[in-house]
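Novice: Before we start, here is the structure in question, set down as structure tokens.
The values are calculated or read from the model by the stated rules, or taken from the named source; none is laboratory data. All of these numbers come straight from a predicted model, not from anything done at the bench. Note that each Cβ is placed from the backbone with ideal geometry, even for glycine, and that neighbours are counted across all protein chains shown.
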Amino acid sequence: MTGPGQHTHAATGPASEAAGHPWTDDFLGPGFQFRPLVLTPDDEGDVTATLIRYAAPNDEPPVESRHPADVQAVLYLHGWADYFLQAELAEELSAQGLHFYAMDLRKFGRSLRDGQTPGYATDLRVYDEDLDAAVAAIRAELSPLAGPYASPTVHLVAHSFGGLVAVLWAARHPGMLGTLVLNAPWLELQGSSLIRNLAMHLVEPVARADPRRPFHLPDMPGYWQSISSEAHGEWQLHPVWRPAASFPLRAGWVRAVLAGHSAVAKGLDITAPMLVMLSDRSRIQAEWSEELMHADAVIDVDETAARALRLGRRVAVFRYPGAVHDIFLSGQRIRQEAYGDVARWALSYPFGAAASTAPP
């Protein structure tokens, strides 16, 4: 099993070189590969997302007698100022018979190119293209295993900011997913809808005049310190892709996020069964303390649990005592419990919304 500290730099090139590239060995180690997904260029030039896959090095070919409907895939989506590094998650879910994929969104992680503004977007709908491309690539690759009369089922697992992107995308794309697992999703500002409304009034004029203008806010490195092997954690983090001080928060991006939070607050109608995974408590503070090793230092978990009930009609909220913001970067016992929960959730709904026994 890949250890939590293993990390080297991935080789990346200009987006124009990415078109038609085959799978390339990834820095996470044996069994991990990546390839670019070429997207529509924007005002900063060529744009790609990156699809990562995992296959255990000693995996046997699929058994011919396996029922075609059993072809299940997981797609993992990272958070803000983040990238895919959870190799252990991939190994554990793959061992349960799930085909594992992850993606680095445009301008994050493996997809970040020279001259691009890290993580920058002015409308979260832009990520629809990223997710559409990833799901299409996964289904194209796995369709031969599913046979002519079935389609591979894709289960989306999304963390924090990625969770916000995922719920908005899923609401606009009913029937695309088997299940949706949200790992500490960022569904509301720390505080309440009142604070969000006040923030929107302050941000809106700045975003109209200068959408790339950064807001100079106090650094909050406590969470990074709780997970980084350079501080108190056990995970080796890329210094550019996962910086201690995060990416600058720019006016246009903040406006887009607040609009996403507003949509969640009004209620969505996601058809996929949803599992929401949260720590049992929050501890949001600037300075380091030992408590940050056992609490969510980024979001208000109780507010998030309440917001989650507005996402659709089939939502389960699981709490993990002592977990940090990313459940899969928490202590070994916690993350092992979480791996099992994700696998059981996905395999319990092999056909997603179609698995419902409710009358039409």
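Novice: Of the residues in the range 122-146, how many are of a type in the set (S, T, N, Q) and modelled with pLDDT of 95 or more?
Specialist: 1
Novice: I'd like the residue in the range 95-109 that is touching a residue at least 60 places away in the same chain (Cβ under 8 Å) and surrounded by fewer than 24 Cβ atoms within 10 Å (Cβ to Cβ) and, out of all such residues, is nearest to the chain's Cα centre (by Cα).
Specialist: Filtering the range 95-109 for residues that are touching a residue at least 60 places away in the same chain (Cβ under 8 Å) and surrounded by fewer than 24 Cβ atoms within 10 Å (Cβ to Cβ), the one nearest to the chain's Cα centre (by Cα) comes out as LYS107.
Novice: Pairs please, first residue from the range 276-288 and within 23 Å of ALA166 (Cα to Cα), second anywhere and among the charged types (D, E, K, R) and assigned to a loop (DSSP other than H, G, I, E, B), Cβ atoms under 6 Å, 6+ apart in sequence or on different chains.
Specialist: Going by the 6 Å Cβ cut-off, the qualifying pairs are SER282/ASP300.
Novice: Might you let me know whether the range 271-285 holds any residue that is closer than 30 Å to HIS173 by Cα, more than 18 Å from the chain's Cα centre (by Cα) and in a loop (DSSP other than H, G, I, E, B)? Steps first, answer last, please.
Specialist: First, pick out the residues of the range 271-285 that are closer than 30 Å to HIS173 by Cα: 271-279.
Among the residues that remain, those that are also more than 18 Å from the chain's Cα centre (by Cα) are: 271.
Pick out the ones that are also in a loop (DSSP other than H, G, I, E, B) and you get 271.
Scanning the range 271-285, I find at least one residue that is closer than 30 Å to HIS173 by Cα, more than 18 Å from the chain's Cα centre (by Cα) and in a loop (DSSP other than H, G, I, E, B), so the answer is yes.
Novice: Residue by residue through the range 33-60, note down the ones that are free of Cβ contacts under 8 Å to residues at least 60 places away in the same chain, within 18 Å of ASP123 (Cα to Cα) and touching an Asp or Glu at 6+ places or on another chain (Cβ under 7 Å).
Specialist: None; the set is empty.
Novice: Identify, by number, the condition in (1) in a helix (DSSP H, G or I); (2) at pLDDT below 95; (3) among the aromatic types (Phe, Trp, Tyr) that TYR149 doesn't meet.
Specialist: Here TYR149 clears every test but (1).
Novice: Hey, another quick one. Being modelled with pLDDT of 95 or more and loosely packed, with under 14 Cβ neighbours inside 10 Å is the filter here; which residues of the range 320-355 pass it?
Specialist: PRO321, GLN332, ARG333, GLN336, GLY340, ARG344, listed by residue number.
Novice: Looking at (1) under 19 Å from the mean Cα position of the chain (by Cα); (2) more than 23 Å from ALA95 (Cα to Cα), which one does MET293 not meet, given that it meets all the others?
Specialist: Result: MET293 fails condition (1) only.
Novice: Additional query: Among the residues of the range 140-154, is any crowded, with 17+ Cβ neighbours inside 10 Å and under 16 Å from the mean Cα position of the chain (by Cα)?
Specialist: The answer is yes, given that some residue of the range 140-154 is crowded, with 17+ Cβ neighbours inside 10 Å and under 16 Å from the mean Cα position of the chain (by Cα).
Novice: Cβ-Cβ under 8 Å, sequence separation 6+ or interchain: first residue in the range 294-309 and over 21 Å from GLY222 (Cα atoms), partner not hydrophobic (A, V, I, L, M, F, W, C). Which pairs?
Specialist: Sorted first by the residue in the range 294-309, then by its partner, the pairs are ALA305/ARG319; ARG307/GLU188; ALA308/PRO185.
Novice: Follow-up question, since we're still on this one. Just to be sure I understand the filter: pairs with C-beta atoms under 6 Å, separated by 6 or more residues or on different chains, first member in the range 326-351 and within 19 Å of TYR83 (Cβ to Cβ), second member of a type in the set (A, V, I, L, M). Which pairs pass?
Specialist: Partner pairs satisfying both residue conditions: ILE327/MET277; ILE327/ALA338; PHE328/LEU89; LEU329/ILE227; SER330/ALA323; SER330/VAL324.
Novice: Taking the range 127-173 as the region of interest, how many residues are over 23 Å from ALA308 (Cβ atoms), in contact (Cβ under 8 Å) with a residue 24 or more places away in the chain and aliphatic (A, V, I, L, M)?
Specialist: Adding up the residues that qualify gives 8.
Novice: Looking only at the range 300-332, how many residues end up being within 18 Å of ILE270 (Cα to Cα) and part of a loop (DSSP other than H, G, I, E, B)? I'd like the intermediate steps shown before the answer.
Specialist: Of all residues in the range 300-332, those within 18 Å of ILE270 (Cα to Cα) come to 304-317.
Okay, now just the ones that are also part of a loop (DSSP other than H, G, I, E, B), so 309-311, 313-314.
The total comes to 5.
Novice: With farther than 21 Å from TYR120 by Cα and aliphatic (A, V, I, L, M) as the only criterion, which of VAL257, VAL276, VAL206 stands out?
Specialist: VAL276
Novice: Still on this structure, please answer the following. Is there any pair with a first residue in the range 248-265 that is in contact (Cβ under 8 Å) with a residue 12 or more places away in the chain and a second that is among the hydroxyl-bearing types (Ser, Thr, Tyr) and assigned to a helix (DSSP H, G or I) whose Cβ atoms are under 7 Å apart and which are 6 or more apart or on different chains, and what are they?
Specialist: Matching pairs, first to second residue: ALA265/SER193.
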